[in-house]
Amino acid sequence: MPFPKKILLLHGAFSLGGIETHILRLAEELHGRGIQVHVLLLTKKHESKLLSELKKFAVVQFAADILKNPSSRFRNNLQFMSVMDPIESELANILQDVECVHVCGVWSLVFYIKHVMRKLPHTKVVCGVYHQNEFNFRSISPLFFQKQLFNLVNQSIPAESMLFFNEKSVDTALDLYGEKYTGSDVFPIGIKFKADSIYAGINFRSRKIISVGRITSFKTYNFKMVEAFHEILKIDSSFEYHIYGDGEQFSELKQFIASQGMEKSVFLHGSLPYQDFEKVISDAFAFVGSGTALLEAAAMGIPAIIGIESDDQGLTYGLLSKLTGYSYHEKGLNFPLQTFSNCIADIAMADVDAYAMISERSKIRASEFSIEEFVDLYLNYLKKNTLLPDTNISIDMPKYYAGIFSCFALGIMDKKKTFSARY
């Protein structure tokens with residue numbers, strides 16, 4: 001009998017993104033190994049085809065559907081959904097036979113502390129650190145709410161329960177929470193490989209550069225690539241930059257493209273259905289991005305150029321295939337930097353044989369992040385570690401609600417004080 005027999009994944013929503021892709025790959029691999037997977041999403045926001053794919057491998061439910069107050073005006077808000085009371089009998093059915101809980105972010109951790117932890121005090125828990133600043137609340141105001149969130153993370157689950165997907169995230173945790181994270185294990189975030197890959201001769205002649213991902217504040221490379229495109233067009237005037245994705249900065253990026261006079265070379269397509277990812281990028285000369293999208297492009301043999309998250313200099317570490325370790329898109333890594341235009345020029349001015357070599361090295365590098373490798377390490381980690389919560393901690397609800405409302409009000413006046421600004 002495999003362990004765990006049944007695992008519960010807690011996540012906020014199921015829009016198309018790196019965390020969601022990882023959940024899908026994890027559910028598929030665990031299902032294939034005979035492990036029951038149950039996914040509880042706090043809100044009903046989702047990408048329909050991605051969710052349909054997940055349902056092939058997991059039982060999926062929405063916390064918004066089991067609320068005691070189903071008509072609440074806050075049922076689509078993560079911060080409120082994390083503490084709103086579910087119907088106890090419905091939640092009990094979901095928790096039955098669960099042997100491990102996998103939390104996927106700060107608000108699902110709050111949900112776990114408020115509603116799950118005391119019901120499963122002897123059940124193992126792990127928490128994925130999918131972004132180095134997910135649990136960094138230094139930008140959050142007011143100060144009492146910042147301290148409350150830090151304390152909830154610091155005291156609710158043991159250090160071993162944090163699953164780090166790159167070395168930079170461990171460094172950030174050490175800075176925020178101290179020595180308890182010294183020597184923490186680092187896991188490769190899992191991606192799935194398919195047999196199909198590009199034909200180097202065809203892609204080398206392409207002049208299409210592609211990015212796929214959420215258009216959001218910390219993915220600054222979309223804007224920086226648009227800025228760099230003046231120089232990129234000097235390499236070859238037929239280059240095009242195609243951006244797929246949606247998010248809170250979509251309109252701002254559209255206006256920025258126009259302000260740069262790049263409407264004939266840079267194309268903003270909007271959201272990309274999950275199942276179309278490989279088809280859309282298959283004819284790319286290069287891919288610029290971060291997260292699992294960059295890895296999956298590299299796995300197809302497309303030269304994968306790193307978009308550094310939260311970078312305001314318009315620089316890149318260059319090709320993923322030239323880096324080592326699991327950190328690759330985080331700001332401040334100890335790798336040489338170059339401009340996007342210089343990186344693209346290096347690829348464009350090579351011959352087709354050199355391009356084919358880059359393509360092959362990209363696939364080899366991406367193989368280090370396979371979902372099979374991750375799940376092997378993950379299941380072994382669950383078996384050998386205790387991973388039990390501290391059930392003595394509780395949430396001061398008046399303080400939490402005061403903090404949420406204050407944070408929303410301050411965020412309206414200053415975008416740097418919103419929840420997402422911590423990224």
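The values are calculated or read from the model by the stated rules, or taken from the named source; none is laboratory data. Since this is a predicted model, take the numbers as computed values, not measurements. Cβ placement follows ideal geometry from the backbone for every residue including glycine, while neighbour counts extend to all protein chains displayed. To get the accessible areas, we keep the full protein, side chains included, count just its heavy atoms, and leave off ligands, DNA and RNA. Shrake-Rupley method; radii C 1.70, N 1.55, O 1.52, S 1.80 Å.
Please report, in debye to the nearest 20, how large the charge dipole of the stretch 110-235 is about its Cα centre when each Lys and Arg carries +1 at its beta carbon and each Asp and Glu carries -1 there.
In debye, rounded to 20, the stretch 110-235 gives about 560.
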For the chain, longest principal axis from Cα atoms; helix 167-177 axis from its Cα atoms; angle between them, nearest 10 degrees, is 40 degrees
Return the sequence-ordered ³J(HN,Hα) values of the stretch 308-317 in whole Hz as given by the Karplus equation 6.51 cos²θ - 1.76 cosθ + 1.60 applied to θ = phi - 60°, using x for Gly and Pro.
-> 6, 6, 6, 8, 10, 9, x, 10, 9, 7
Heavy-atom accessible area of the stretch 46-123 with neighbours in place, 1.4 angstrom probe: carbon+sulfur share in percent works out to 47 percent
Kindly report the accessible area of the chain per residue (heavy atoms of protein chains, probe 1.4 Å, no ligands, DNA or RNA), in Å².
-> 42 Å²
With every protein chain in place, the stretch 223-282: carbon and sulfur % of accessible area (1.4 Å) = 48 percent
With charges only on Cβ, +1 for K and R and -1 for D and E, what is the dipole size of the stretch 200-307 about its Cα centre, in debye, rounded to 20?
-> 180 debye
Most mobile of ASP390, ASP283, ASP353 in a GNM of the chain (Cα contacts under 10 Å) = ASP353
Cα gyration tensor shape of the stretch 1-128, rounded if a/c is under 1.5, else prolate or oblate by comparing a/b with b/c = oblate
Per DSSP H run of at least 4 residues, take -39500 (n - 2.57); add these up for the chain, divide by its residues and hand me the 222 nm value, nearest 500 deg cm²/dmol.
-> -11500 deg cm²/dmol
Sorted by packing (mean other beta-carbon atoms within 10 Å per residue), highest first, where do 298-308, 272-282 land?
-> 298-308, 272-282
When the convex hull of the Cα atoms of the stretch 303-381 is projected onto a plane and the area is averaged over all directions, what value comes out in nm²?
-> 6.2 nm²
Spatially proximal lysines relative to LYS49 (Cα-Cα < 23 Å; intrachain offsets below 8 disregarded) = LYS192, LYS194, LYS279
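Which shape class, rounded, prolate or oblate, goes with the stretch 129-177 when its Cα gyration tensor gives a ≥ b ≥ c as root eigenvalues, a/c under 1.5 marks rounded, and past that a/b bigger than b/c marks prolate?
Here the stretch 129-177 falls in the oblate category.
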Among the lysines in the stretch 85-181, how many pairs, 8 or more places apart or on different chains, have alpha carbons under 24 Å apart?
-> 7
Viscosity 0.890 mPa s, temperature 25 °C: Stokes-Einstein D of the chain from its Kirkwood Cα radius, in µm² per second?
-> 109 µm²/s
Can you give the accessible area of HIS230, probe radius 1.4 Å, in Å² rounded to 10?
-> 80 Å²
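On a full-extension model of 0.36 nm per residue, what is the gain between PHE74 and ASP276, subtracting their alpha-carbon distance, rounded to one decimal in nm? Each step should come with its number before you reach the end.
Values: separation 202, 0.36 × 202 = 72.72 nm, distance 3.27 nm.
Contour length minus the Cα-Cα distance gives 69.4 nm.
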Taking amide hydrogens as modeled 1.01 Å from N in the peptide plane, which residues meet the under 5 Å criterion relative to ILE35, leaving out close sequence neighbours?
-> none
Volume of the Cα convex hull of the stretch 182-235, divided per residue and given in Å³ | 191 Å³
Any aspartates and glutamates with Cα under 16 Å of the LYS5 Cα? List them, leaving off those in the same chain fewer than 8 positions away.
-> GLU28, GLU29, ASP97, GLU99, ASP376
Once the in-chain neighbours fewer than 8 apart are removed, the lysines whose Cα is under 16 Å from LYS45 read LYS55
Classify the stretch 288-423 as rounded, prolate or oblate, taking a ≥ b ≥ c as the square roots of the eigenvalues of its Cα gyration tensor: rounded when a/c is under 1.5, otherwise prolate if a/b is larger than b/c and oblate if not.
-> oblate
